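The values are calculated or read from the model by the stated rules, or taken from the named source; none is laboratory data. Predicted model only: the values in this text are computed from it and were never measured. Cβ placement follows ideal geometry from the backbone for every residue including glycine, while neighbour counts extend to all protein chains displayed. Calculation scope for accessible area: heavy atoms of the full protein, side chains included, ligands and nucleic acids excluded. Shrake-Rupley method; radii C 1.70, N 1.55, O 1.52, S 1.80 Å.
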Amino acid sequence: MSTSRLPLLLLAASGWLALLVTQVAGAGLLRVTVSVAFLLTCPGAALLALARPLLGRRDHTGDAMESVALTVALSVSAGVIVSEAFFLSGTFTVPAAVTALAAVTSAAALGALLTALLTALLAARRARRGPGAVQQ
């Protein structure tokens with residue numbers, strides 16, 4: 001397995017781990033730490049990984065700070081949207097909101113993984129054809 005695929009798989013599993021910790025751990029430091037870390041980073045990181053190929057080639061100066069800011073902003077936005085939907089329907093509970101965010105995170109991370117695999121497959125196919133191949 002490629003090292004670039006492992007973080008996406010771990011990201012896809014992160015929400016379910018956070019949900020497990022919120023269900024198993026008592027109201028303690030572990031539960032709060034894992035929940036806050038997941039809610040502030042994972043949904044945004046998965047959505048950003050899914051959107052990265054759409055940004056195209058560009059100058060990557062300052063990319064780390066930009067990625068951190070976008071990750072936190074997207075995570076908070078996703079949390080607000082999910083919570084608001086549950087509040088408007090009158091069914092808000094913390095486990096339901098974390099479950100919905102875990103599903104969004106998993107779908108976005110697996111979508112980014114699928115996009116990366118398809119891009120690599122198409123690049124290998126183009127390389128096999130060679131630079132002088134005529135497309136039909």
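Key figures
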| quantity | calculated |
| --- | --- |
| Evaluation of Ala64 against (1) more than 28 Å from Thr119 (Cα to Cα); (2) open to solvent by 70 Å² or more (accessible area, probe 1.4 Å); (3) of a type outside the set (S, T, N, Q) (one fails), failing number | (1) |
| Residue in the range 113-126 that is farther than 21 Å from Leu17 by Cα, assigned to a loop (DSSP other than H, G, I, E, B), out of contact with any Pro (no Cβ under 8 Å at 6 or more places or on another chain) and open to solvent by 70 Å² or more (accessible area, probe 1.4 Å) present | no |
| Cβ pairs under 7 Å, 6+ apart, first in the range 69-84 and over 17 Å from Ser35 (Cα atoms), second assigned to a helix (DSSP H, G or I) | Leu70/Gly44; Leu70/Leu48 |
| Residue list for the range 28-44, restricted to those being open to solvent by 30 Å² or more (accessible area, probe 1.4 Å) and within 21 Å of Ser83 (Cα to Cα) | Arg31, Val32, Thr33, Val34, Val36, Ala37, Leu39, Leu40, Thr41 |
| The range 86-102: number of residues that are farther than 16 Å from Pro43 by Cβ, of a type in the set (Phe, Trp, Tyr) and part of a helix (DSSP H, G or I) | 1 |
| Within the range 38-57, tally of residues that are closer than 15 Å to Ala78 by Cβ, aliphatic (A, V, I, L, M) and more than 10 Å from the chain's Cα centre (by Cα) | 2 |
| Which listed residue is touching a Pro at 6+ places or on another chain (Cβ under 7 Å), assigned to a helix (DSSP H, G or I) and at pLDDT 90 or above, from Ser75, Ser106, Ser14, Ser83 | Ser75 |
| Residue within the range 11-23 that is more than 28 Å from Leu117 (Cβ to Cβ) and exposed (fewer than 10 other Cβ atoms within 10 Å of the Cβ) present | no |
